[in-house]
Each structure stands twice: as C-alpha cells, then as structure tokens.
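For reference, the structure is listed below as structure tokens.
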Amino acid sequence: MNREHDREIVRYRAPTRINHWIVAISFVLAALSGLALFHPALFPLASLFGGGPWTRILHPFIGVVMVVAFVLLAARMWRDNRIDARDRAWLRNVGDVIHNREENLPEVGRFNGGQKLLFWVLVTCVLVLLLSGLVIWRAYFSQWFPIGAIRLSAVAHALFGLILVCSIIVHIYAAIWVKGSLRAMTEGKVSYGWAWRHHRAWFREVVSARRRAD
Amino acid sequence: MALQSLDIVRRSATTTPAPQARGAHSGQVAKLIDVTKCIGCKACQVACMEWNDLRDEVGHCSGHFDNPPDLGGQSWTIMKFAEHEHADGSLEWLIRKDGCMHCADPGCLKACPSPGAIVQYANGIVDFHEENCIGCGYCVTGCPFDVPRISKHDRKAYKCTLCSDRVAVGQEPACVKTCPTGAIVFGSKEDMHEHAAERIEDLKSRGYANAGLYDPAGVGGTHVMYVLHHADQPELYSGLPKNPVISPFVSLWKGAAKPLGLLAIAATAFAGFLHYIGIGPNRTDEHDEREAEREAQRLRAEEHP
C-alpha cells in the first residue's frame, strides 16, 4: 500500500454507494415527473417521460422503486443517525456551521446534526409520500378510499414532495459546499484530514479500529 | 381558425388566457331539470347513448331501478331513484337525472394538471378534451358532485358534455330533445331561471312549500339546475349535496401551494448559491491533513504500545 492510499478512510462501501445512487436517480425521475403534474409551468417536463399519460403511468412506479431503495439505505444508516445531546448542541450553533467555523462546534461522529436531521426529514417525507401516493394512485388503489381521504392525500403528497425536493436541494448543496463529500459517495473514500475536520469522533473510532469502516 | 371555437374562458393547467374573442352574447346556457315532472323513463339516458355513440356493458340488476348503477366512461348520465319515506309514513319516489352540473367554478378544471384537457366555454359549458387527458383522475378528486369517471378501457376521463357539439350549432342537448314530459328544458340561464320560478310558484300552490331551484352558489352557480319539490333537503335526491364547494384541500393543493411551492424550491436553490459565493466552500487543507496524521499516529500508538 502506498502512503497516499494509507491516509484514506472508506466512508461508504460499494453496496451502500450503489444503493444511494439508485435512490438518487429514482428521486430525480420521481421529482421531475411529479413537478410536471404539480405546476402548469413545469408540465413540459412530462416530455422527458414520453408525454402526459406516460408521466402519469411511470411516476408512481418510479416512486415505489425509490421507496424500496430508500428503505434499504435507511436500514444501513439509521443506527448512525440517532440524534443525541451533542447533535442538538451542533444544531444550536448552526451559525458556526454556515460560516465554516467547525472549530467552535462539538465533535461529530459519523454524521453531524444536520445530516441526522435531514435523515429523519427524509424518512418522514418518504413515509407520507408512500401512503398518500397509494391513496391517489387512481389506476389501482383510489377506489378503496373515500373522496375525503383522496383529497387530503393529494395535498399531503404535494406538500411533502415539496419538502423532500427542498431537503434534497440542501443535501446536494452540502455536497458541493463541503469539498471531498461527493467523492465519499462516488469513490467511497475520504482523506484523513477530511474525516478529522468534519467527523472527528468517527475518525478516531475508525483509525483506532474500534469500528469497521463503512 | 378551422376547428377552433375561440370562446374558451378557462383552460386547465394554463396560466395565460385561452383564445376567447368570441363571447356568449346571447347569454350563457343552462339545462333545467324539473324532477317534479320526471317519470323515470330513462329516455334521456338512451338519447345520450344514441347521440354520443355510447354503449355501456349490460350489467346486472342491483336490486333497484338505477341501471347502470353508476356513471361511467360509457354512461354520462343516469337516473337515480330514491324511495323516501316521510315522517307521516307516506312514500315518495324522488327521481333525479344525475350527471355533470357544469359549475361556473369547476373543481375538475381547477384540479386538472394537463393543459387543455378541460375547458370552460363562454356559454358556461365545461367540456373535457380527452385527447389531452392523461388519466390521473385529479378531476374526480376535484369535483364536488362526484361526476367524472376514468374509463377502464382507455384511462381517459369522461362526463356529460352538455352536448357541446349540438349546442355549438344551435341545437339543444340530446336528453332535452327526447324528454317526453318536458322535465328537461334548455335555454339561456336567464330564461331557465324565469321558467323555474313559474314552476316553483305552481308547485307551492300545490302544497310543496319548500319547492325551489337548485343552483348552488358555492360553486358559482351551475349550468345544469334542478327544480326540486324539497329544495330545503337536496340530500333526499340520492345525495345531491346541500352546499357543494370545491374542497379546501383541493383549493390549497391547486391554489396557494403551486406558486409557494415553486418559490420555496427556487429560494432554497438560490440560498445555496448565495452561500457559495458569499461564504464559500468548506475545504480540507494541509493543516487538517497534518493534524489528522499526528492524531492517527497517537491513536495507533495507544492501540499497539
């Protein structure tokens, strides 16, 4: 092993990365097709899916793929996303986070307070989108529900879809903002310095071999 | 302008005006259904099938006179028969021709996500343009009267057109043409109001104190109206809603949520952009790498002294 390789940590192994990108791709497709049906100004997005009827047909199936893949990914991640007192302190100092003053923040484990908050927002959104989406899936399920439930589900699906889209914009921006993060999800590795700077407690655990890299 | 009607006042999922140079200068139209004159012969159902070339599947008797039992892709109007027992024990058969009410404020059109799949003409008729329909069923969700149906065969939404094709060339709807008792009449909305007023006066003189016109204000009035003997209890007529309105859920979903939703998405992305150019990226530098290396050596020394 060369020295350069030696100073890297595996952050996400290949199965996790593949799982993440299945969620990501299905999310982008579900979001584009969903937005096409959400606002007239975005209806032209339906062309990407072969027109309006194909958009209507495909959107729920893409959504189901996303939910299944997300559940598998969340099952890998949830243990590291339990919010504790350190995370709450981290979240209270969001000003330091935004201004890149990490030296003022509590030490961070595998995920920081923001990532954990995002995780649980995503879990909530996906759950609501799944349930409301089934209710408004006219071809197969709507006939089993009263009209009031369908109307509530339609508005809930739109609102939680919007929350999800905005949350993922934050997620994507965070990867652009914190350099080295994207590589963790593409090639799987981060440098020692990256781990020490952003996730010091996790860095210590991995380097001292108290936990396996994942 | 061949095949263009140029009198479209509202068009689904469209934020700019539709072609509407032609107005309804002779007044908006309305169909008046006088349920007190209806004998339940279903000639209107047959006329609708005949004019529109619709043939529903022959079903089964479900124990009452409604046949077919529900509106559908091939049944745009059906007679609904309600047997109502009054407090004094007397029985009354309340028969209502069900179908699209052609609301002035149509919930289906508000809910529809597909540009031009639902239009409202200057004369008040709400029409589906099925070639633009994507089959999502949002019109069903939006309708306060539970009228549109998605066809199981082609996954398009269908409902009464008020015979827009006949009306466009100066004819009355097929059901009106055929009704043997004159229970269904058609004309300008103003004339229909006058005609209804005469009928209501007559009904009141015959003991129907609560006779009245059903032209619900909650949806801006309708272009299909009923004369009811019991206008105080429209629910008696197979669940005709007393105060139909577009559901507040649908109003939120298709109202404020749309512009605010797009604004939220744009604002989130723009906030990220501003952060990047204002504060900038968070980079791991040489200092971090050196500190990390030092820390790693210390930790390994602890593990393997």
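Only the coordinates and a few stated rules stand behind these numbers; no lab work does. Treat the numbers as computed from the prediction; the structure is a model and nothing was measured. As a convention, Cβ positions derive from the backbone with ideal geometry for all residues, glycine included, and neighbour counts pool all protein chains shown.
Once Rh is set to the Kirkwood radius over Cα pairs, what Stokes-Einstein translational diffusion coefficient, in µm²/s, holds for the stretch B:144-211 at a temperature of 20 °C and a viscosity of 1.002 mPa s? The partial results should precede the final answer.
Details: Rh = 14.8 Å.
Estimated via Stokes-Einstein, D reaches 144 µm²/s.
Considering only B:LEU109, B:TYR214, B:LEU228, the residue lying farthest towards the positive end of the dipole of the stretch B:89-233 is B:LEU109, judged by Cα position with unit charges set on Cβ.
Equivalent ellipsoid of chain B: semi-axes from √(5λ) of the C-alpha gyration tensor, largest first, are 56, 24, 20 Å.
Under the rule of -39500 (n - 2.57) per DSSP H run of 4 or more residues, summed and divided by the residues of chain A, what mean residue ellipticity at 222 nm is obtained, to the nearest 500 deg cm²/dmol?
-21500 deg cm²/dmol, from helical runs alone.
What is the Å³ per residue value for the convex hull set by the Cα atoms of the stretch B:201-305? Intermediate results must be reported in sequence, preceding the final value.
Working: hull volume 21.9 nm³, N = 105.
Looking at the stretch B:201-305, the number lands at 209 Å³ per residue.
A cut-off of 5 Å between modelled amide H atoms, ignoring neighbours fewer than 5 places along the same chain, links B:ILE118 with B:SER12, B:HIS129. Per-residue 3J(HN,Hα) values for the stretch B:256-270, derived from phi via the Karplus relation 6.51 cos²θ - 1.76 cosθ + 1.60 with θ = phi - 60°, read 4, 4, 5, x, 5, x, 5, 4, 4, 5, 5, 5, 5, 5, 5 Hz in sequence order (x marks Gly and Pro).
By DSSP, the beta bridges lying fully in the protein assembly as shown are antiparallel in about 85 percent of cases.
Of the trypsin sites (Lys or Arg not before Pro) found in the stretch A:73-178, none is in coil by DSSP with at most 10 other Cβ atoms within 10 Å of its Cβ.
In angstrom, the C-alpha Rg and Dmax of the stretch B:1-139 are 18.3, 61. Each 5 Å bin from zero up to the one holding the largest Cα-Cα distance in the stretch B:186-257 carries the following percent of pairs: 4, 15, 21, 19, 18, 9, 7, 4, 2, 1, 0.
Please grab the % of Cα pairs in the stretch B:257-303 that end up more than 13 Å from each other. When every Cα pair of the stretch B:257-303 is considered, 71 percent fall beyond 13 Å. Projecting the Cα atoms of A:GLY133, A:MET66, A:PHE119 onto the charge dipole of the stretch A:53-154, computed from C-beta unit charges around the Cα centre, puts A:GLY133 farthest toward the positive end. Couplings 3J(HN,Hα) for the stretch A:65-82, derived from phi with the Karplus relation 6.51 cos²θ - 1.76 cosθ + 1.60 (θ = phi - 60°), are 4, 4, 4, 4, 5, 5, 4, 5, 5, 5, 5, 6, 9, 5, 4, 7, 10, 6 Hz, where x marks Gly and Pro. Using the Karplus relation 6.51 cos²θ - 1.76 cosθ + 1.60 with θ = phi - 60°, the per-residue 3J(HN,Hα) values for the stretch A:85-90 come to 4, 4, 5, 5, 5, 4 Hz, with x marking Gly and Pro.
Relative to the longest principal axis of the C-alpha atoms of chain B, give the angle of the C-alpha long axis of helix B:189-205, reported between 0 and 90° and rounded to the nearest 10°. So the helix axis and the longest Cα principal axis differ by about 60 degrees. Taking Cα centre as origin and charging only the Cβ of basic (Lys, Arg, +1) and acidic (Asp, Glu, -1) residues, the dipole magnitude of chain B rounds to 600 debye. A P(r) calculated from all alpha carbon pairs of chain A, with 5 Å bins opening at zero, reads 1, 7, 12, 17, 17, 14, 11, 8, 7, 4, 2, 0, 0 percent. Amide H contacts of B:LYS31 (H built 1.01 Å from N, in plane; Pro and chain starts excluded): B:VAL224, B:MET225 sit under 5 Å, all sequence-distant by 5 or more or on other chains. Each Lys and Arg Cβ is given +1 and each Asp and Glu Cβ -1; about its Cα centre, the stretch A:14-128 then shows a dipole of about 240 debye.
With a 10 Å cut-off around each Cβ of A:147-154, the average count of Cβ atoms from other chains is 6.
Exceeding 23 Å between C-alpha atoms, which entries from my cross-link table qualify? They are B:LYS97/B:LYS242; B:LYS152/B:LYS254; A:LYS116/A:LYS179; A:LYS179/B:LYS258; A:LYS116/B:LYS254. The partial results should precede the final answer.
Working: B:LYS97/B:LYS242 16 Å; B:LYS152/B:LYS254 26 Å; A:LYS116/A:LYS179 19 Å; A:LYS179/B:LYS258 34 Å; A:LYS116/B:LYS254 32 Å.
Listed pairs above 23 Å: B:LYS152/B:LYS254; A:LYS179/B:LYS258; A:LYS116/B:LYS254.
Taking every alpha-carbon pair in the protein assembly as shown and binning the separations at 10 Å intervals from zero gives 3, 16, 22, 18, 13, 10, 8, 6, 3, 1, 0 percent.
Placing unit charges on C-beta atoms (Lys and Arg positive, Asp and Glu negative, everything else neutral), compute the dipole magnitude of the stretch B:19-86 about its Cα centre in debye, rounded to 20. Each step should come with its number before you reach the end.
Values: 6 positive and 9 negative charges, 81 e Å.
So the magnitude is around 380 debye.
Residues whose amide H falls under 5 Å from that of B:LYS97, counting only those 5 or more places apart or on a different chain, are B:LYS80, with hydrogens built in the peptide plane.
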